[in-house]
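Accompanying notes for the structure given below.
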Amino acid sequence: MSREYRFILIYAERFIGLLLMLIGIALTYNTYTNWAAAGWGAEYFMAIGVALTLLGILMLIVKLK
């Protein structure tokens, strides 16, 4: 694998991880602060938000070989 291709993959992985983490944090925060608006699905939205946050953190921590 060329160095340029590896460079692009590393930064694309970091960017997507950061994006997933920010979306997860926003989803969790908005669901937590406005629980009644989510209705019956509030627990599912909270779980999805936490899962996206953890996936984003994992993508930022793990090194690509």
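The values are calculated or read from the model by the stated rules, or taken from the named source; none is laboratory data. The shown structure was predicted, so the numbers you read here are calculated from the model rather than taken from an experiment. Don't worry about glycine lacking a Cβ; one is built from the backbone with ideal geometry, like all the others, and counts go over all protein chains shown. Accessible surface is based on the protein model in full, side chains and every heavy atom, while ligands, DNA and RNA are left aside. Shrake-Rupley method; radii C 1.70, N 1.55, O 1.52, S 1.80 Å.
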>> Tell me the residue from 25, 16, 48, 10 that is out of contact with any helix residue (DSSP H, G or I) (no Cβ under 8 Å at 6 or more places or on another chain), open to solvent by 40 Å² or more (accessible area, probe 1.4 Å) and among the β-branched types (Val, Ile, Thr), please.
In response: 10
>> I'm trying to understand the selection: among the residues of region 21-65, which are among the aromatic types (Phe, Trp, Tyr) and under 28 Å from residue 6 (Cβ atoms)?
In response: none
> Can you tell me which of 25, 8 is more than 16 Å from the chain's Cα centre (by Cα) and of a type outside the set (Ser, Thr, Tyr)?
Replying inline: 8
